[in-house]
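Visitor: Below is a structure I'd like to ask you about.
Each value in this text was obtained by applying a stated rule to the coordinates, not by laboratory testing. In this text, all values refer to a predicted model and were calculated from it rather than measured experimentally. Cβ atoms come from the backbone with ideal geometry, glycine included; neighbour counts cover every protein chain shown.
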Amino acid sequence: MAVAKMHLAVRGAGVVGLWQALTLARAGHRVTLYERSATPFADACSPFAGAMLAPRCEEESAEPVIRALGERSIALWLKTYPGTVANGTLIVAPSRDRVLIDRFARMTEGGDRLDRTGLAQLEPDLAKRFAGALYYAGEAHLAPDQALAFLLDAAQAAGTRVKLGEVGMPQDADLVIDCRGLAAKNDLPTLRGVRGERIVVRSREVHLAHPVRFLHPRFPLYIVPWGDGLYMIGATVIESEETGPVSVRSALDLLSAAYALDPAFAEAEIVRQGASARPAFPDNRPRIIAAKGYIYVNGLYRHGFLLAPALAELVATFVETGARHEEVFVADPA
């Protein structure tokens, strides 16, 4: 490891802050990670993520920079975290709505069209109900709780000091890197919250190995297998900063769509449910905002796990060389 060069303070211990701390500590800097909650991840939106690393699929609604950064992040996840599963993403739709598959294929690159036989080789149960699918090989997913715990341990093993229950401004650092999400809204007034709701179920009757996006015309959703019979069901993107329990309407929509995907979900056990508010700028693009002695890394929208490693690498490069990624580094929007 290189000799420590600077004392860097990272504010916020969600997935973004953890990747910043880990990357900078491994680069040889002296890093202190500050988190306002006394318990790790208690105030973070990261535990509510689906943690799909699907940059090709995100092309359907996101700009090319998201795909480029996401593909780099997958490589960093695979290099760093052994729990990363890179077996691709499946896109399915009801037979009467095959036009949705066609549209998705036009809006994205890299999707292979599978007939029923090809789908059966990946997901036999889905092939009983769907005539085909789009398959994006090389995309990945992971279980967020285990990944966050791993990153925290890895950051500490790399030399990061962790201060929990700290809400004040670090005073003795050479540079502060602010990864607080919506908690930084007073400093970044264009930041807004986007509510995401999810339900986690356990089932021994459902057998899915790949993340699946179900293009239902009324309530599209995605399902992510987390192992040990656990599945995350999510989809909602609501313009709201409210957190807390899932609404009745969202629960009905999510569970009805999951049942339409695989009726075996009817017997699943609901083990967790909840919602978080993800930070986003008006154009839903991430920002690295650098001023003298202070850097904001924010606005990752629903792409926190997808983009956090690549943004940490960009910040580390900036700290070392001053180089800026022109599409991500911006002037202070305030």
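Visitor: Return the single residue from A277, A312, A38 with maximal mean-square fluctuation; model: Gaussian network over the chain, springs between Cα atoms under 10 Å.
Guide: Result for the chain, Cα springs under 10 Å: A38 fluctuates most.
Visitor: Output the direction-averaged projected area (hull surface divided by four) of the convex hull of the alpha-carbon atoms of region 194-285, in nm².
Guide: 6.3 nm²
Visitor: Among F305, F214, rank each residue by its count of other Cβ atoms within 10 Å, from fewest to most, as a rough exposure measure. Write out the running numbers ahead of the final one.
Guide: Values: F305 27, F214 24.
Going from sparsest to densest Cβ surroundings: F214, F305.
Visitor: Let me ask something additional. Pop out the ³J(HN,Hα) list for region 301-312 in order, Karplus 6.51 cos²θ - 1.76 cosθ + 1.60 with θ = phi - 60°, rounded to Hz; leave Gly and Pro as x.
Guide: Result, rounded to whole Hz: 6, 8, 10, x, 5, 5, 10, 3, x, 5, 5, 4.
Visitor: So in region 200-334, what percent of DSSP beta bridges are antiparallel if you round to the nearest 5?
Guide: So the antiparallel bridges amount to about 90 percent of the total.
Visitor: As a footprinting exposure proxy, order W226, W77 by other Cβ within 10 Å, with the fewest listed first.
Guide: Fewest to most other Cβ atoms nearby, the residues stand as W226, W77.
Visitor: Going by how many other beta carbons lie within 10 Å of each one, how would you line up R180, R202, fewest first?
Guide: R202, R180
Visitor: Okay, moving on. Which entries in the list K79/K185; K5/K292; K5/K163 go over 23 Å, if you measure between the two C-alpha atoms of each?
Guide: K79/K185
Visitor: Given charges of +1 on the Cβ of Lys and Arg and -1 on the Cβ of Asp and Glu, with all other atoms neutral, how large is the dipole of the chain about its Cα centre, in debye to the nearest 20? All intermediate terms of the calculation are to be shown ahead of the outcome.
Guide: Details: 36 positive and 38 negative charges, 10 e Å.
Dipole magnitude for the chain comes out near 60 debye.
Visitor: With the dipole of region 203-274 worked out from charges on the C-beta (+1 for Lys and Arg, -1 for Asp and Glu) around the Cα centre, which of G227, H210, G274 lies farthest toward the positive end?
Guide: So the residue we want is H210.
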